[in-house]
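The values are calculated or read from the model by the stated rules, or taken from the named source; none is laboratory data. Predicted model only: the values in this text are computed from it and were never measured. For neighbour counting, all protein chains shown are included, and Cβ atoms are generated from backbone atoms with ideal geometry for every residue, glycine included.
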Amino acid sequence: DEERQQQFEKIRERMEDVNADAEKRLKKVLLPHQFDRLKQIDVQMRVQQQGAEALTSGALAETLDLTEAQRERLEERAAEVEQELQEKIGQLRIEARNKLLDVLTAQQRAKLESLMGDDFAATDQAPGFGRRGGFFGGNRNGNDGGGRRGRSRGADRDRN
């Protein structure tokens, strides 16, 4: 694990060098206000894509002058928010699936359930298969493997 950590550190340092070089080149070709706007967009994108990690590590954390307590709280809050988000996404997937299946007759629905077999709850660690673009996106419970595991299709249908 220590060797892996060292490899990540080397990669991080290399990326910092590449970014610093790119920043120097951009300053040469962009007007000051254009460069400032590019930096603003970069910060926005990092916060959107990386969430708390963007705020708690690297240059942004240093610029914000975060205390260690603030960093820890941000990481805790990020875990809470992520859990809430996954639960909401799961519920929306269940609702979307049920809207789609409402088009089917009772006989077609029964046939589909027979074709699908018993519920299968994929873990969050599953490598992407069926998570996006699949028949329902995520697993059949509509929750990407998090949250309500083991609920039956009938229970979902009875709720709506």
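Before moving on, here are some points about what is shown:
- The residues of the range 35-73 that are surrounded by 12 or more Cβ atoms within 10 Å (Cβ to Cβ) and more than 25 Å from the chain's Cα centre (by Cα), listed by number, are F35, R37.
- Pairs with Cβ under 9 Å, 6+ apart, first in the range 31-44 and under 17 Å from G58 (Cβ atoms), second surrounded by 12 or more Cβ atoms within 10 Å (Cβ to Cβ): K39/E23; V43/A54; V43/L60
Listed here are the residues, each with its yes/no results for (1) at pLDDT below 50; (2) part of a loop (DSSP other than H, G, I, E, B); (3) aromatic (F, W, Y).
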residue	(1), (2), (3)
R71	no, no, no
Q86	no, no, no
D124	no, yes, no
F129	yes, yes, yes
D144	yes, yes, no
D158	yes, no, no
